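K.L.:
Take a look at the following structure, please.
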Amino acid sequence: MTAAGALLVVGDVVTDVVAIHPRPLAPATDTAARIRTLPGGAGANAACWAARTGSAEVRLLARVGAESARWHERALVDAGVRPRLVVDAEEPTGTVVALVGTDAERTFLTDSGASLRLCPADWAPSLLDGAAHLHLSGYLFFAASSRELAVVALRAARSRGVPVSVDPASAGFLAALGPQRFLDAVAGAGVLLPNEDEARLLAGLPEGAGAARAAAALSRRVPLVVVTLGPAGALVAERGRITAEVAAADPAEAVVDSTGAGDAFTGAFLAARLDGADPPDAARAGCRAAAQAITRPGGRPWARPEGPPGAACP
């Protein structure tokens, strides 16, 4: 994928409440934690990392609530993204509470709010004007209206010869939706960017099956599959076989929070591809971005420390 033009991301913008607790959670009482309110969302995070690491213009279509629309818009513009945020009149911006333990692994509590209320009426064909690539956040496929919007966008891109990538986003939501239903909805995408659990689930393989087997199987359905493996790096599979194994990059600082590592990988991978990198080199760029992302709270490269209007300063 080498083309002059913009990266259009269609996805989610949410408010992240990140709670980093140095000790295990204590049921029925207090657990001391470092808590920050930050801009997030898989689609928005990926767009911000793409803007930071690549040379292409990056656009984002998403839906937010009125209470924090200006804060989110400012954060995106500051990160170099051109946002088109639809303000929802009924629901607030989605919120994710991320509980992060000492191992930097996170557990999410998710209220999708306005983010999955994107609908075909929010789409405009002009969004693809000058676009060289469309990326769809997998979260869109987990609600009826946003799934319909995602399919409309995918078909519009395909009709104009614009390649499409999808990040499956959540193994839990994938299991609830059904892997086959998800794969049917993303038919026509050229790039799939799952993590190891998502890849196994989509390939219909048991938990003990290797990531390489899952990646190879999926690449018979989607031409290019890149499976992220956390500290083990990433696998690149094309048309039924593994074509590259990419080592993870070493973080320059202590690991704090794995929230957004996959989004960082996705954004940097897509930016590198638009700048002319082949899939293995783009995966290396993704691993470098992920190594940066895990050294700070939240999922953005330049997340503001302060919360949205009305929130207390940390």
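Laboratory data are not the source of any read-out in this text; all were calculated from the coordinates shown. Everything quoted here is computed from the prediction, not taken from an experiment. Virtual Cβ from ideal backbone geometry, glycine too; neighbours counted across all protein chains shown.
K.L.:
Report the longest stretch of the chain that contains none of the trypsin sites (Lys or Arg not before Pro) sitting in a DSSP loop with at most 14 other Cβ atoms within 10 Å.
P.N.:
Between the exposed loop sites, the longest stretch runs 1-159.
K.L.:
Quick one: what are the phi-derived ³J(HN,Hα) couplings along segment 269-285, Karplus 6.51/-1.76/1.60 with θ = phi - 60°, whole Hz, x for glycine and proline?
P.N.:
Karplus values, whole Hz, x for Gly and Pro: 4, 5, 4, 5, 4, 5, 8, x, 6, 6, x, x, 5, 5, 5, 5, 4.
K.L.:
Still on this structure, please answer the following. Using the alpha-carbon centroid of each, what span in Å lies between segment 131-184 and segment 44-112?
P.N.:
The two parts, judged by their Cα centres, are 18 Å apart.
K.L.:
Identify which of PRO92, PRO231, PRO168 has the largest mean-square fluctuation in a Gaussian network model of the chain, with springs joining Cα atoms closer than 10 Å.
P.N.:
Comparing PRO92, PRO231, PRO168 in the GNM, the peak value goes to PRO231.
K.L.:
Segment 20-100: which GluC sites (Glu not before Pro) are DSSP loop and have at most 10 other beta-carbon atoms within 10 angstrom?
P.N.:
GLU90
K.L.:
Starting at the first residue of segment 155-162, write each ³J(HN,Hα) from the Karplus equation 6.51 cos²θ - 1.76 cosθ + 1.60 with θ = phi - 60°, in whole Hz, x for Gly and Pro.
P.N.:
Here the 3J(HN,Hα) series is 5, 5, 5, 4, 5, 9, x, 8 Hz.
K.L.:
Could I ask something else about it? Ordered by residue, what ³J(HN,Hα) values in Hz, to whole numbers, does segment 187-198 give under the Karplus form 6.51 cos²θ - 1.76 cosθ + 1.60, where θ = phi - 60° and Gly and Pro are x?
P.N.:
Here the 3J(HN,Hα) series is 4, x, 5, x, 9, 10, 10, x, 8, 4, 5, 5 Hz.
K.L.:
Residues with amide H under 5 Å of VAL256's amide H, sequence separation 5 or more or different chain, H placed in the peptide plane at 1.01 Å from N; which?
P.N.:
Here THR295, ARG296 satisfy the definition.
K.L.:
Would you please give the residues with an amide H less than 5 Å from that of ARG59, counting only those at least 5 places away or on a separate chain, with H modeled from the backbone geometry?
P.N.:
Amide H neighbours of ARG59: LEU7, LEU8, VAL9, ARG82.
K.L.:
Between ALA33 and ASP278, how high is the FRET efficiency from 1/(1 + (r/R0)^6) when r is the Cβ-Cβ distance and R₀ = 41 Å? Nearest 0.05.
P.N.:
0.45
K.L.:
Also, I was wondering about something else. Toward the positive end of the charge dipole of segment 86-178, about the Cα centre and with charges on Cβ (Lys, Arg +1; Asp, Glu -1), which of TRP123, THR95, PHE108 goes farthest?
P.N.:
My answer, from the dipole projection, is TRP123.
K.L.:
Add -39500 (n - 2.57) for each DSSP H run of 4 or more in the chain, then divide by its residues: what number comes out at 222 nm, to the nearest 500 deg cm²/dmol?
P.N.:
When only DSSP H runs of four or more count, the value is -9500 deg cm²/dmol.
K.L.:
Further, regarding this structure: Search the structure for amide H atoms under 5 Å from the amide H of ASP88, placed 1.01 Å from N in the peptide plane, and list their residues when 5 or more places away or on another chain.
P.N.:
Sorted by chain and number, the residues that satisfy this are VAL64, GLY65, ALA66.
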